[in-house]
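Data first, discussion second: the structure below is written as C-alpha cells.
Read the figures in this text as sums done on the coordinates, not as results from a lab. What you see is a predicted model; the values in this text were computed from it and never measured. Methodologically, a virtual Cβ is constructed for each residue, glycine included, from the backbone with ideal geometry; neighbour enumeration extends over all protein chains shown.
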Amino acid sequence: MTGAYTMSITDTLNDAAQETVSAGHTAYEQAHGIDIQFRRFAILLHDDTGALCGALQAFTAYAEVYVEDLWVAAAIRRRGYGRQLLARLENEYTGRGYHNINLVTNAFQAPDFYAKCGYSVEFVRVNAHNPLLTKTFFVKYLNEYPKKAQ
C-alpha cells in the first residue's frame, strides 16, 4: 500500500473486489475464532406457468438468518404465500445450529404481518420526519434457541 488513497462509489462490487473483501473478512473473523457462515440465498414462489410471483431474499451470518426482502405479487397477496415463504425459511434453518431470524420493516410495509407470523418486536426506530418510514426490528428465535429471560 502506497499511502495515497482514493475513494469511489459503485453500485456493485466486481468478482475480484468481492473476493478481496470476503477474504479480508474471513481472515479477521478466523483470527478471532469466529466462523461467519455467510451465505446469500432466496426462496422463490412460481405459479404453474413458471412465472415468478414471490420471493424471500436473505443471508446467513454468525448463526443467524437475516431477511433482506419479502415480496409477493399484488394479484396474489393475502392468500398466505408470504406466510408460506417465511415458514419455508424457518423450516430450512431450524435444527441446523441457527439461533434466530432477523428482519426489519417500515411502517408502510408489513409490521402487523410479521407479528402475526410469530416475530417479536425487538425495537422500533421512529422516523420523526416521515412516520411511514419508522422501522420495526423483528426477531424470531428458532426452537433450539429460546429467548432467554432478561
With the label point 7 Å along the Cα-to-beta-carbon line of Tyr62 and a cut-off under 13 Å to each amide N, the hits in the stretch 94-119 are 99-100, 102
Could you tell me the relative contact order of the stretch 39-141? Use alpha-carbon pairs under 8 Å, at least six residues apart, and round to a whole percent. 21
Relative to the longest principal axis of the chain, what angle (0 to 90°, nearest 10) does the C-alpha long axis of helix 81-93 take? 50
I'd like the FRET efficiency for His25 and Glu92, computed as 1/(1 + (r/R0)^6) with the beta carbon distance as r and R0 of 25 Å, rounded to 0.05. 0.55
Degrees separating the helix 15-31 axis from the principal Cα axis of the chain, which is the longest one: 90
Please identify which residues in the stretch 52-93 have an amide N closer than 16 Å to a label point set 7 Å out from the Cα of Leu13, following the Cα→Cβ vector. 59-62
Please return the longest range in the chain lying between exposed loop sites, taking trypsin sites (Lys or Arg not before Pro), DSSP loop only, at most 16 other beta-carbon atoms within 10 Å, and leaving the sites out. 1-76
Which of the chymotrypsin sites (Phe, Trp or Tyr not before Pro) found in the stretch 1-58 are in a DSSP loop and have at most 12 neighbouring Cβ atoms, other than their own, within 10 Å? Tyr5
Loop-only check: which chymotrypsin sites (Phe, Trp or Tyr not before Pro) in the stretch 67-150 are DSSP coil with at most 11 other Cβ within 10 angstrom? Phe108
As I understand it, the dipole of the stretch 1-118 uses +1 on the Cβ of Lys and Arg and -1 on the Cβ of Asp and Glu, about the Cα centre. Which of Met7, Gln57, Tyr114 lies farthest toward its positive end? Tyr114
Here the gain from full extension of Asn106 to Tyr81, 0.36 nm per residue of separation minus their alpha-carbon distance, amounts to 7.0 nm
Would you calculate a helix-derived [θ] at 222 nm for the chain, using -39,500 (n - 2.57) for each DSSP H run of n ≥ 4 and dividing by the full residue count, to the nearest 500? -7500 deg cm²/dmol
